[in-house]
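Contents: one structure, followed by commentary.
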Amino acid sequence: MTRSSGVEGFETLTSAFLMGIKMHFLVIFFILGIHLFVLSLIMDVKSYDSKVLLNWYKTKFISSLPKDRITSFPLPNGEYYKDKAKIIVKNQGLIRHVETVQHRLNNIFIKTCFIWLLYPGFLYILATRSRKQLEDEYVRGSQFITPRRFKKLTKNIRDKKKDLPFGNIEMPFSAEIRHTLVVGRPGTGKTVAFNNILEKVIERDEKAIVYDFKGEYLSLFFRPEKDILLNPLDKRSTGWCIFNEVKTETDISAFVASLIPEKPRSDPFWCDAPRGVLTGILIYLLYKGKTQNADLWALLNSSASEIHACLDEIDSPGLRYIEDPESKQTQSVLSVLMQHTYFFSYLARLQGDFCVTDWVDDLERKGIVYITSSSVSHSLLSPLNTLFVDIVGMRLLSLPNDLDRRLFFFIDELGTLQRMNMLIQGLTLTRSKGGAFFLAIQDIGQIEERYGSKLRQSIVNSCGNSVIFAVEDNDTAEFCSLKLGEVDQIIKTKSLSMGVNNFKDGINVNQQRRKDRLLIPAEIKELGDLNGIVKISSVFPSDKNIMRKLLGSVGIKISVKPLILHPVRCMFNYKQRPTVTPALIQHESLDIAQHINEMRNRQSNIINDAMFDDLELPIKDICT
């Protein structure tokens, strides 16, 4: 440490000490003045007792002087008695009277000592003022508000029976259809947040579709008597067939596009060709009346020449992609097709009349549709699971407008699904239908990988609500920081000026207006587990915001200002819930040992049949 820095430290410490003494002295002096003022009001300084007390102390002082002097002393009748000071102070009657007055004064003083309770109060006020003087002043832009402030702002639009829990706050009912994006690395609280929200949705008896990648939500909330499970690998799955959903030929095109989505930065041929072939296969089976899962898988698993013959029979446009069944192009097209449709091999064992579109149309039917997967089967089931979500979204768009209707889409781990063709439409067009999307991702790159940079921005912009947990990579942290916005504020800094005389020291407060990120990327990366930033979209005091636009379009002018809701730091509490069912009960047909035994039995039967076919017995021996 240098000599100059040591001197500066000593001066700073000395200045703070002296200024503290000065502050306490002034506060004590001020309260003492208040105390004396209160005493004077109670005692009445113009009364005889006050005059006696004042003249007594004056006479005592004069009597202590070397030269004895004559002084006057007031009498009760208003006259003054004159005598030497030393004689007056020895008057016993006067002494008793003064003692009585002093005793009464002491009692009054003790009773008024509560005034000194102002001392810590004054210190608190000064400390608060000092802190506020150094606080940054908000001018405009984004800012953090407390959960209490958020609840106060939304008091007039909250509905305790409907509002969804988001940590310490509740999302207003009207904000649900603005859609929600949840971002966070594994283990930070995304599943905890979804559990709390889904529990409230079930309590409200709403309709929802849940893509459950890990089976956690199914294991906690599944109700066999009311909910639906769609997973061909699970024993409890409801039977379903793609032909149950086909109402028109355009439905086939939409379903095929969902099963085989476009891939950014890839040759469109390898998307168009499998689509054309699969469309032809589905139309052919409808034409033949073969609308079972087993029929579809049998044709998909056929040879190239058989598929070519079927498409040629109905003159399908997809035939041109497999014109030569023996060509390398045909084999490649069918190989890509098999990658997206292999899950039909498991659906072939199931059959049922459940129809997703009918479930959406039935307004009286409530409950949850669970679409489950796992880390092992997600690549196999990803096309099917994407199709389920797409069907629900497409059907919802066909329903009439209803702001009070709710159909929730909970898509945890969005990156594990294929590109959903209806996602952009669903986020932008289902608000008036009552659709509410809740999307969870680990990093922003998952969306860009599936949809590209342009559509990624559209998806993000369509989600008016955001829940941000701690993230890992820099790109996602930067994205979240920009999502929270900037704050325009006045930054205050304190400087200490010191003079030669210690009592000439002073503190200066400097102000500077500046724009900053509400949270920098490093702060987002360091958020604790179960600690998130919740940003709710601005809402109208009346949740009929879409009706407001409609009324305005026909010339009825109404003035309704949106309620601006700023980000809130929230703590998401983990709630221990009992497991009501396993995440997966494997279908018996998936038992590998049983499957091998069945194959051996079939092979053994084939061998035995061949042996008897080759065996020649004389007819006469048989007859005998």
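The values are calculated or read from the model by the stated rules, or taken from the named source; none is laboratory data. All values reported here derive from a predicted model rather than from experimental measurement. As a convention, Cβ positions derive from the backbone with ideal geometry for all residues, glycine included, and neighbour counts pool all protein chains shown.
Can you tell me which residue is nearest to Pro224 (Cα to Cα) among those in segment 549-590 that are part of a loop (DSSP other than H, G, I, E, B) and at pLDDT below 65?
Val560
Cys271 passes all but one of (1) touching a residue at least 24 places away in the same chain (Cβ under 8 Å); (2) assigned to a helix (DSSP H, G or I); which number fails?
Going through the list (1) touching a residue at least 24 places away in the same chain (Cβ under 8 Å); (2) assigned to a helix (DSSP H, G or I), Cys271 breaks only (1).
Got a sec? Which of Ile95, Ile42 is among the hydrophobic types (A, V, I, L, M, F, W, C) and under 30 Å from Pro120 (Cβ atoms)?
Checking each option against the conditions leaves just Ile42.
Within segment 436-490, which residues are of a type in the set (Asp, Glu) and under 16 Å from the mean Cα position of the chain (by Cα)?
Correct list: Asp443 only.
Based on what the data block shows, is Lys454 of a type in the set (Lys, Arg), farther than 27 Å from Arg265 by Cβ and surrounded by fewer than 23 Cβ atoms within 10 Å (Cβ to Cβ)?
Spelling it out, it is not the case that Lys454 is of a type in the set (Lys, Arg), farther than 27 Å from Arg265 by Cβ and surrounded by fewer than 23 Cβ atoms within 10 Å (Cβ to Cβ).
Quick check on this structure: which one of Leu259, Leu218 is in contact with a helix residue (DSSP H, G or I) (Cβ under 8 Å, 6 or more places away or on another chain), within 22 Å of Ser379 (Cα to Cα) and buried (at least 20 other Cβ atoms within 10 Å of the Cβ)?
Going through Leu259, Leu218 in turn, the sole match is Leu259.
Please work out if Val333 is more than 19 Å from Phe243 (Cα to Cα), among the aliphatic types (A, V, I, L, M) and in contact with a helix residue (DSSP H, G or I) (Cβ under 6 Å, 6 or more places away or on another chain).
yes
Return yes or no: is Ile209 within 29 Å of the chain's Cα centre (by Cα), surrounded by 17 or more Cβ atoms within 10 Å (Cβ to Cβ) and closer than 30 Å to Lys454 by Cβ?
yes
May I ask you to list the residues in segment 147-161 that are surrounded by 13 or more Cβ atoms within 10 Å (Cβ to Cβ) and of a type outside the set (D, E, K, R)?
Scanning segment 147-161 gives Pro147, Phe150, Leu153, Thr154, Ile157.
Of the residues that sit in segment 278-318 and are in contact with a Ser or Thr (Cβ under 8 Å, 6 or more places away or on another chain) and of a type in the set (Val, Ile, Thr), which one is surrounded by the most Cβ atoms within 10 Å (Cβ to Cβ)?
The qualifying residue surrounded by the most Cβ atoms within 10 Å (Cβ to Cβ) is Thr279.
Could we say that Asp402 is outside any helix (DSSP H, G or I) and over 40 Å from the mean Cα position of the chain (by Cα) here?
Here the answer is no, as Asp402 does not meet what is asked.
Search segment 116-143 for residues being charged (D, E, K, R) and exposed (fewer than 13 other Cβ atoms within 10 Å of the Cβ), and hand back the single one that is nearest to the chain's Cα centre (by Cα).
That would be Arg140.
Would you mind stating whether Leu198 is under 14 Å from Val369 (Cα atoms) and either without any contact (Cβ under 8 Å) to a residue 40 or more places away in the chain or crowded, with 19+ Cβ neighbours inside 10 Å (or both)?
yes
I want to confirm something. Restricting to segment 335-386 and keeping residues that are hydrophobic (A, V, I, L, M, F, W, C), more than 28 Å from Glu216 (Cβ to Cβ) and in contact (Cβ under 8 Å) with a residue 60 or more places away in the chain, which single residue is surrounded by the most Cβ atoms within 10 Å (Cβ to Cβ)?
Ranking the candidates gives Leu337 first.
Restricting segment 231-256 to residues that are of a type in the set (Ser, Thr, Tyr) and outside the structural domain of Ala304 (by TED's automatic domain parsing), which is surrounded by the fewest Cβ atoms within 10 Å (Cβ to Cβ)?
Out of the qualifying residues, it is Thr238.
List, please: which pairs have Cβ atoms under 7 Å, are six or more places apart or on different chains, and start with a residue in segment 222-238 that is of a type in the set (S, T, N, Q) and end with one that is surrounded by fewer than 18 Cβ atoms within 10 Å (Cβ to Cβ) and part of a loop (DSSP other than H, G, I, E, B)?
Ser237/Leu350; Thr238/Gly352
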